[in-house]
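Q: Quick one: structure below, then a few questions.
Just so it is clear, none of the values below were taken in a lab; they were calculated from the coordinates. Nothing here was measured: the structure is a model prediction, and the numbers come from that model. Here the Cβ is made from the backbone with ideal geometry for all residues, glycine too, and neighbour counts use every protein chain on show.
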């Protein structure tokens, strides 16, 4: 049974009418030399087009990206959240006689939770990350029902007694504009926690200015387990992102006027396979996905699974861990996270906002203004130098920088390249493809028709 047709009328019709350059010249040439020349040219152009198209596909499937930067000048910019902490976790005047017996133990128990805390005494000498620190909390006199969260809230850094001066855009503000949050520094306080404020004029005096009394005479931190510095530690961050004061914060000592000029940068990242962000990723205890929030939740989840509780600086709804659990189970779990025995899956966010700060400092107050500030703050000159930190946070310029990760070759660009190569070398287009499909249909129909006629005959 024959499976092909002897009639070439369909091919001749296609060659005469197709928009594919060169085919008509080959079919219609009267001289063999001319036909051969056009055939060589057509095959050469077809080969070049195939090579170029292959190159474009290879480049596309490498999933490369490019980074675009754009600066927009704005009349108004949303002001970030400013979180302020004191290096001193617990105030001496707020500690009872009974609690004084184990404050140093509490400070020692809190060491190791910050990402910058890495005490060699907690690990074995061969460096394999085995946790070997053990402290018998049962012999410290700490009651079994001791509530570390309530103790920290009562005895820790209190903005209501520490805030001596506050201005927002030149207008007076007060401690009611600050929101409490637990961190590895104990009590910290967030200005503009809900992100409702904005700055309309750039420069010093048009943002936030605060004078904080660190109350150095209240310090209970002792070497080597406590913080060795005196002053505040602050961080400027997005309202949707929890503050990571321990590793990202900025420190300022007393007797200094610190100027933090900030800028706003938005990052936009691509989804896989071009990037690493997961647009469907959500967090349980935070409104939006951030890498900092993810890491905090991951740490809390590991502690919750292993210990059945959480520390005061961890998100969640579980009860706070008792001191005996903190030094045993919790510290072991945190140590395993630091040494890589446990891991967290926290991909890059698809969008993120950063507020990098440029710091400059001035000696404060000057000798000519000392009398004014001693009267204003009701403190002696030495008390001001030992206890008062003056901080200005403001936008240096009202502009928004956008850093966007984009596909080096988008799908539209790939289609455009393919069409360009086919059109340049062969004169082909989508219509040409439709013409070829029409040719195949006609050819198949013609073959089937002739085959059926032969069978009937």
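Q: Hey, residue 335 hits all of (1) closer than 23 Å to residue 151 by Cα; (2) touching a helix residue (DSSP H, G or I) at 6+ places or on another chain (Cβ under 7 Å) but one; which does it fall short on?
A: (1)
Q: Taking region 45-95 only, how many residues are closer than 30 Å to residue 198 by Cβ and surrounded by 14 or more Cβ atoms within 10 Å (Cβ to Cβ)?
A: Total meeting the criteria: 11.
Q: Same structure, new question: What is the one condition in (1) within 21 Å of the chain's Cα centre (by Cα); (2) more than 29 Å from residue 261 (Cβ to Cβ); (3) in contact (Cβ under 8 Å) with a residue 60 or more places away in the chain that residue 358 does not satisfy?
A: It is condition (2) that residue 358 fails.
Q: Additional query: Every residue in region 284-314 that is assigned to a loop (DSSP other than H, G, I, E, B) and surrounded by 18 or more Cβ atoms within 10 Å (Cβ to Cβ), please.
A: 289, 290, 309, 311, 312, 313, 314
Q: Moving on to the next point. Of all the helices (runs of 4 or more DSSP H) wholly in region 4-75, which have at least 1 residues that are under 17 Å from residue 424 (Cβ atoms)?
A: In region 4-75, 23-28, 32-60 are the helices (runs of 4 or more DSSP H) which contain 1 or more residues that are under 17 Å from residue 424 (Cβ atoms).
Q: Report, by residue number, each residue of region 142-177 that is free of Cβ contacts under 8 Å to residues at least 60 places away in the same chain, under 23 Å from residue 204 (Cα atoms) and outside any helix (DSSP H, G or I).
A: Of everything in region 142-177, those that are free of Cβ contacts under 8 Å to residues at least 60 places away in the same chain, under 23 Å from residue 204 (Cα atoms) and outside any helix (DSSP H, G or I) turn out to be 163, 166, 167, 168, 169, 170, 171, 172, 173, 174.
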